[in-house]
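The values are calculated or read from the model by the stated rules, or taken from the named source; none is laboratory data. Note that the structure is predicted; figures quoted are calculated from it, not measured. Neighbour counts run over all protein chains shown; Cβ positions are idealised from the backbone, glycine included. The area values use the complete protein model at the heavy-atom level, side chains included, leaving out ligands, DNA and RNA. Shrake-Rupley method; radii C 1.70, N 1.55, O 1.52, S 1.80 Å.
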Amino acid sequence: YVHQRISQPRYEGHVLDKESSVRVKGNADIEHTITIEDGAGEATVPVPETDSIQVEEELNLMLLRHWSLYESLMHSPYIASKLNTWSDNGKSNLDLLLAKMGMPLTECRQSFSMMKAGLKRRLQSLLLDHGEAYGLSE
């Protein structure tokens, strides 16, 4: 999927197959409770069983969890082809895009896992909002 060797609908079909396999295997919808103590007393919290798959929208960026956001954007085939990141002008466009998104370059150049949580949460919506000006529609 990341390397675009299968289509999005085919990938989603595989996810649904895996999800149904997990549901057949166990009782994914059964919840149990745990008791948590805090300074004010005890609280009972429902906790779902761990045998489930949760679908989550993610950015289609290469090695984002291992690289910095900047490196991931630079090496993404989609973004590289739209912004021409192999050239100085393309690198400037990427820097400008990140600036318009309000993403500090110091944050973008450190490991993605170490970025501020607020920036990571807003990343997808910021890319959708500002990316169209640079021909990024996906």
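Only one of (1) open to solvent by less than 30 Å² (accessible area, probe 1.4 Å); (2) closer than 29 Å to Gly13 by Cα; (3) not β-branched (Val, Ile, Thr) is not met by Glu58, so which one is it?
Going through the list (1) open to solvent by less than 30 Å² (accessible area, probe 1.4 Å); (2) closer than 29 Å to Gly13 by Cα; (3) not β-branched (Val, Ile, Thr), Glu58 breaks only (1).
Working only within segment 73-126, note down all residues that are of a type in the set (Asp, Glu) and closer than 25 Å to Glu57 by Cβ.
The one that is of a type in the set (Asp, Glu) and closer than 25 Å to Glu57 by Cβ: Glu107.
Take Ser111 and decide whether it is in contact (Cβ under 8 Å) with a residue 24 or more places away in the chain, over 24 Å from Gln8 (Cα atoms) and either among the small types (Gly, Ala, Ser) or open to solvent by 40 Å² or more (accessible area, probe 1.4 Å) (or both).
Yes; evaluated as a whole, the condition is true for this residue.
Taking the condition crowded, with 18+ Cβ neighbours inside 10 Å and closer than 26 Å to Gln8 by Cβ, does Leu64 pass?
Yes: the conditions hold for Leu64.
Condition first: at pLDDT below 75 and either outside any loop (DSSP other than H, G, I, E, B) or in contact with a Cys (Cβ under 9 Å, 6 or more places away or on another chain) (or both). Now tell me which residues in segment 4-26 satisfy that.
The answer is Val22, Arg23, Val24, Lys25.
Restricting attention to segment 72-100, which residues are more than 30 Å from Lys18 (Cα to Cα), open to solvent by 20 Å² or more (accessible area, probe 1.4 Å) and touching a residue at least 24 places away in the same chain (Cβ under 8 Å)?
Lys82, Asn93, Lys100
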